[in-house]
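Written out below as structure tokens is the structure these notes cover.
The values are calculated or read from the model by the stated rules, or taken from the named source; none is laboratory data. Since the model is a prediction, treat every value here as computed from it, not as a measurement. Glycine gets a Cβ as well: all are built from the backbone with ideal geometry, and neighbour counts include every protein chain shown.
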Amino acid sequence: MAKILIIYSTTDGHTVTICHHLQEVIEQQSHQVTISSIDDAQHIDPALFDKIVIGASIRYGKHSPQVYDYIKRNQQMLESAPSALFSVNLVARKPDKRRADTNPYVKKFLKQTAWQPAEIAVFAGKLDYPRYSYRDRLIIRLIMWITKGPTAPDTVKVFTDWEQVDAFGKAISEM
Ligand SMILES: Cc1cc2nc3c(=O)[nH]c(=O)nc-3n(C[C@H](O)[C@H](O)[C@H](O)COP(=O)(O)O)c2cc1C
């Protein structure tokens with residue numbers, strides 16, 4: 001049995017939902033999962049875990065700076081233990097942008113950090129217009145209009161492919 005730490009960075013909570021789904025899959029493989037926000041992870045000793053997973057969503061083209069900080073501060077440990085990364089964004093609602101080598105945010109991320117995760121996944125996120133501020137709703141609707149996504153202001157839609165999440169959970173269990 002491996003002890004696995006999943007650290008998340010989220011704004012609206014969908015990344016946490018994905019973490020819980022991963023936890024279910026991984027625990028079915030008889031491993032033990034601890035989920036922590038990136039804030040709380042500052043108080044957790046990663047050396048107590050056999051594997052580390054970091055999941056982060058995109059907001060206006062970027063993963064949170066906290067993700068980069070965490071990786072910098074824990075670089076050595078991330079290199080010595082099996083580790084994995086997943087990114088959550090809406091560009092990935094298009095299946096051809098759902099890979100590490102095709103998703104622009106993950107490509108950029110991997111160039112910016114020295115960390116080389118053993119497993120990488122890119123998941124399509126959630127669109128939730130009613131939840132957004134007026135300004136965010138306006139901007140995201142414009143982006144959706146340009147990229148031929150949903151623009152109706154009452155749209156709440158999860159684009160995540162849960163079978164893809166299942167497969168990533170199994171890959172984490174086996175890495
Ligand atoms: C204000 C805002 C900005 C966003 N910017 C981007 C973006 O630049 N590119 C993208 O692909 N998705 C973008 N998204 C979509 C989020 O990545 C997606 O909704 C994701 O599911 C959010 O995950 P979270 O709930 O864990 O924060 C944005 C969403 C919001 C609300």
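Within segment 1-12, being near the ligand (Cβ under 9 Å from one of its atoms) and either over 20 Å from PRO117 (Cα atoms) or of a type in the set (S, T, N, Q) (or both) holds for SER9, THR10, THR11, ASP12. When segment 48-102 is filtered for residues that are touching a strand residue (DSSP E or B) at 6+ places or on another chain (Cβ under 6 Å), charged (D, E, K, R) and buried (at least 16 other Cβ atoms within 10 Å of the Cβ), the ones remaining, listed by number, are LYS51, ARG93, ARG98.
If you check LEU90, LEU85, LEU78 for being modelled with pLDDT under 95 and under 19 Å from THR15 (Cβ atoms), only one passes: LEU78. Selection of first residues in segment 151-175 that are within 17 Å of ASP50 (Cα to Cα) and of second residues that are assigned to a loop (DSSP other than H, G, I, E, B), restricted to Cβ pairs under 6 Å at least 6 apart or on distinct chains, gives the following pairs, ordered by first then second residue: SER173/GLN29; SER173/HIS31; MET175/PRO82; MET175/ALA118.
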